[in-house]
Amino acid sequence: MFYRKNLPGWERTTRVVAGAAMIACGLLGLRGLPIGYLIAGTGAVAIMTGFIGFCPMCALAGRRLPSQ
């Protein structure tokens, strides 16, 4: 693989749940507004990082899992 996972399990779960809430809020709560689409897009990125287990911003900050 080209990356090493840098998110612990609890944070991955939190990102998936929060991302789903952000998508729902953006698309249902702010229907048709540009800020709603921006929030939904941010939620999609949060879900992707949660499923993959790798966050590019955390990697730039030098964050690693304790076992690595």
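The values are calculated or read from the model by the stated rules, or taken from the named source; none is laboratory data. Predicted model only: the values in this text are computed from it and were never measured. Using ideal geometry, Cβ is built from the backbone for each residue, glycine included, and neighbour counts are taken over all protein chains shown. Surface areas here come from the heavy atoms of the whole protein model, side chains and all, with no ligands, DNA or RNA. Shrake-Rupley method; radii C 1.70, N 1.55, O 1.52, S 1.80 Å.
Just a yes or no: is a residue in the range 48-67 in contact with a helix residue (DSSP H, G or I) (Cβ under 7 Å, 6 or more places away or on another chain), surrounded by 11 or more Cβ atoms within 10 Å (Cβ to Cβ) and aliphatic (A, V, I, L, M)?
Scanning the range 48-67, I find no residue that is in contact with a helix residue (DSSP H, G or I) (Cβ under 7 Å, 6 or more places away or on another chain), surrounded by 11 or more Cβ atoms within 10 Å (Cβ to Cβ) and aliphatic (A, V, I, L, M), so the answer is no.
Return the total of residues in the range 30-47 being more than 11 Å from the chain's Cα centre (by Cα) and open to solvent by 70 Å² or more (accessible area, probe 1.4 Å).
6
Residue 27 is checked against (1) out of contact with any helix residue (DSSP H, G or I) (no Cβ under 7 Å at 6 or more places or on another chain); (2) open to solvent by 70 Å² or more (accessible area, probe 1.4 Å); (3) of a type outside the set (D, E, K, R); (4) without any contact (Cβ under 8 Å) to a residue 24 or more places away in the chain and fails just one. What number does that condition carry?
Result: residue 27 fails condition (1) only.
Would you please list the contacts, defined by Cβ atoms under 8 Å and residues six or more apart or on different chains, that run from a residue in the range 38-65 that is among the small types (Gly, Ala, Ser) to a residue that is surrounded by 14 or more Cβ atoms within 10 Å (Cβ to Cβ) and outside any helix (DSSP H, G or I)?
Note: pairs meeting the criteria are 50/7; 53/5; 53/6; 53/7; 59/6.
How many residues does the range 19-55 contain that are over 29 Å from residue 65 (Cβ atoms), of a type in the set (A, V, I, L, M, F, W, C) and outside any helix (DSSP H, G or I)?
So the count comes out to 2.
Restricting to the range 7-22, name every residue that is touching a residue at least 12 places away in the same chain (Cβ under 8 Å) and more than 14 Å from residue 51 (Cβ to Cβ).
8, 21, 22
Check residue 16 against each of (1) among the aliphatic types (A, V, I, L, M); (2) within 9 Å of the chain's Cα centre (by Cα); (3) not in a helix (DSSP H, G or I) and name the one condition it does not meet.
(3)
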